[in-house]
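Engineer: Sharing a structure, written as structure tokens. Questions coming.
Where a number appears in this text, it was derived from the coordinates with a stated rule and is not lab data. Computed from a prediction, not measured in an experiment: that's the story for all the values here. Counting neighbours? That spans all protein chains shown, and the Cβs are built from the backbone with ideal geometry, glycine included.
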Amino acid sequence: MCLPPAAEQLRYFRKHLTDLLDTIQQLVEIESPSDVKAAVDRLGTVLASRFQELGGLTHFHPAKKFGNHLEVRFRSSRRLKEKPVLLVGHMDTVYPIGTISRMPYRVSRGRVWGPGVLDMKSGIALALEATAALIQWGGKQLLRPLTVLLVSDEEVGSNSSRMITERLARRAAAVLVLEPAHGLRGALKTARKGVGEYRLRIQGKPAHAGLDFEKGQSAVVELARQILEISKLVDPGRGITVNVGKISGGTRSNVVPAEASAAIDVRVRTLADAREIGRRIAALAPFNPHCKLHLSGGLNRPPMERTPGVEALYRKAKEISREIGIEVGEASVGGGSDGNFTAALGVPTLDGLGAVGEGAHAPHESILLSELPRRAALVAGLIARI
């Protein structure tokens with residue numbers, strides 16, 4: 001695929017910035033919290049129509065609890081047998097219906113504001129704009145196959161979409177993840193920590209705290225001792241964090257508690273560390289022999305490690321960015337995305353290709369207006385050169 005010179009690409013995307021902003025506004029104002037299927041499905045229908053206007057073949061993967069996942073395929077008449085590039089994103093946000101009235105879409109002070117504008121409605125808009133440009137530059141068609149997957153449950157674990165993501169990734173030459181860039185300098189994400197979610201439940205023995213205290217076996221005391229043991233697994237030097245984020249237990253102050261539980265978040269840089277921490281958590285033994293431990297959960301997202309394939313994509317992105325007048329850095333981050341799944345399969349994956357901004361999931365969520373044309377040019381360039 002022959003792209004116009006870098007300066008011409010930037011002129012194109014700057015000329016079409018109003019169109020891009022109109023799309024971002026349209027997507028932001030269609031609220032789509034993960035837990036409201038009808039709302040996410042409404043957004044999916046709008047996006048399917050937008051991609052169909054570009055010539056994409058759309059297909060919905062039905063989901064019962066969450067919105068239907070949208071797959072879009074663009075064929076190539078010149079390179080039919082070539083593996084497609086896979087663009088990955090998500091339609092769901094963390095904001096409940098009605099947030100738009102408190103956080104209205106607006107453009108001010110050099111930024112675009114609104115719920116989900118950074119994570120990641122603008123990333124989807126960039127996919128639309130970059131695809132439209134490549135079709136125009138290719139003579140009304142894409143000169144290489146392209147697949148776009150927009151899922152509806154990324155913010156809540158991707159349980160219903162993971163198999164779809166992995167299946168499409170196995171068929172792809174590379175995966176480009178349109179999650180937000182890291183920080184206001186727009187760094188790309190070449191590594192992400194793996195995420196584990198565990199639940200530890202303690203079963204003790206109830207008794208009256210005044211009349212039969214000695215006959216009780218406190219699940220809360222046992223859980224407290226286990227939490228101290230779990231905290232020993234933290235290893236900042238290796239990037240291992242283990243956080244007991246929620247605990248519960250007991251019924252009344254005058255009853256020796258028979259039940260207690262804790263939710264445990266684990267973050268690791270490597271799959272080897274994930275396995276080690278999983279073994280050590282599974283090996284927890286009760287301090288009180290009269291209490292029983294019940295453990296559930298495990299690794300939810302494998303780590304996205306900086307493999308040679310990831311590094312090669314990043315080098316290509318640096319080359320493109322320099323041509324369009326910017327210097328793009330890289331970052332390793334603690335949060336997970338669907339890029340964790342694709343990278344763990346060995347498929348070259350580059351994350352953080354979406355908009356540049358700050359405040360994801362917060363009232364000040366916003367993106368930098370000036371960076372939008374550059375990010376569009378970067379995405380388009382990567383699609384074309386992979």
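Engineer: Which residue, Phe213, Phe66, Phe74, tops the fluctuation ranking in a GNM of the chain built on C-alpha contacts under 10 Å?
Structural biologist: Ranking Phe213, Phe66, Phe74 by mean-square fluctuation puts Phe213 first.
Engineer: Continuing with this model, one more query. Taking the Cα-to-Cβ direction at Leu211 and at Leu57 and moving 7 Å from each Cα, how far apart do the two end points lie in nm?
Structural biologist: If labels sit at Leu211 and Leu57, their model points lie 7.4 nm apart.
Engineer: Multiplying the sequence separation of Lys232 and Arg73 by 0.36 nm and subtracting their Cα-Cα distance, what value in nm do you get?
Structural biologist: Contour length minus Cα-Cα distance gives 52.4 nm.
Engineer: Once you have a ≥ b ≥ c as the square roots of the Cα gyration tensor eigenvalues for the chain, tell me rounded if a/c is under 1.5, and otherwise prolate or oblate according to whether a/b is larger than b/c.
Structural biologist: Prolate.
Engineer: Find the all-direction average of the projected area of the Cα convex hull for the stretch 194-301, expressing the result in square nanometres with one decimal place.
Structural biologist: 6.4
Engineer: Can I ask one more? Excluding Ala262 itself, what net charge comes from residues whose Cβ is under 14 Å from its Cβ, given Lys and Arg +1 and Asp and Glu -1?
Structural biologist: -1
Engineer: Could you tell me the distance between the Cα centroids of the stretch 57-108 and the stretch 228-296, to the nearest Å?
Structural biologist: 36
Engineer: With each pseudo-label sitting 7 Å past Cα toward Cβ, what's the Lys246-Phe287 distance in nm, one decimal?
Structural biologist: In this crude label model, Lys246 to Phe287 measures out at 2.5 nm.
Engineer: Once each part is reduced to its C-alpha centroid, what is the distance from the stretch 142-191 to the stretch 331-386 in angstrom?
Structural biologist: Here the answer is 9 Å between Cα centres.
Engineer: Let me ask something additional. For a quick protection proxy, order the peptides 222-228, 376-382 by their average other-Cβ count within 10 Å, most packed first.
Structural biologist: The packing order, highest mean first, is 376-382, 222-228.
Engineer: Counting Lys +1, Arg +1, Asp -1, Glu -1, what net charge surrounds Pro115 among other residues with beta carbon under 13 Å of its beta carbon?
Structural biologist: -3
Engineer: Rounded, prolate or oblate, given the Cα gyration tensor of the stretch 346-386, with a/c below 1.5 counting as rounded?
Structural biologist: Oblate, since a/c reaches 1.5 and b/c is not below a/b.
Engineer: Just list whichever of Lys193/Lys292; Lys37/Lys121; Lys83/Lys318 have alpha carbons separated by over 21 Å in the model shown.
Structural biologist: Lys193/Lys292; Lys83/Lys318
Engineer: Quick one, what does Rg over Rh come out to for the stretch 1-75 if you take C-alpha atoms and the Kirkwood Rh?
Structural biologist: With Rh from the inverse mean 1/r over Cα pairs, Rg/Rh is 1.09.
Engineer: Which ³J(HN,Hα) values, rounded to whole Hz and listed in residue order, are derived for the stretch 160-176 from phi using the Karplus coefficients 6.51, -1.76 and 1.60 in 6.51 cos²θ - 1.76 cosθ + 1.60 with θ = phi - 60°, glycine and proline given as x?
Structural biologist: In residue order, the calculated couplings are 8, 10, 4, 4, 5, 4, 5, 5, 5, 5, 4, 8, 9, 6, 6, 10, 10 Hz.
Engineer: Output the 0 to 90 degree angle, nearest 10, between the alpha-carbon long axis of helix 308-323 and the longest principal axis computed from the alpha carbons of the chain.
Structural biologist: 40
Engineer: Okay, moving on. Give me the extension gain from Ala38 to Ser108: residue separation times 0.36 nm, minus the current Cα-Cα distance, reported in nm with one decimal.
Structural biologist: Stretched fully, the Ala38-Ser108 segment lengthens by 22.1 nm.
Engineer: With springs connecting C-alpha atoms under 10 Å apart, model the chain as a Gaussian network and identify which of Gly250, Gly114, Gly309 has the largest mean-square fluctuation.
Structural biologist: Of Gly250, Gly114, Gly309, the Gaussian network model singles out Gly250 as fluctuating most.
Engineer: Give me the angle, in degrees from 0 to 90, between the Cα long axis of helix 219-231 and the longest principal axis of the Cα atoms of the chain, rounded to the nearest 10.
Structural biologist: The answer is roughly 50 degrees.
Engineer: Nearest 10 degrees is fine. How inclined is helix 6-15 to the longest principal axis of the chain, computing both from alpha carbons?
Structural biologist: Rounded to the nearest ten degrees, it is 80.
Engineer: Now, a different point. Run down the aspartates and glutamates and flag those whose C-alpha is under 20 Å from the C-alpha of Lys316, throwing out any fewer than 8 positions away in its chain.
Structural biologist: Glu8, Glu82, Glu179, Glu305, Glu327, Glu330, Asp351, Glu371
Engineer: Roughly how many nanometres apart are two label points built 7 Å out from the Cα toward the Cβ at Arg170 and Thr18?
Structural biologist: Once both label points are built, they end up 4.8 nm from each other.
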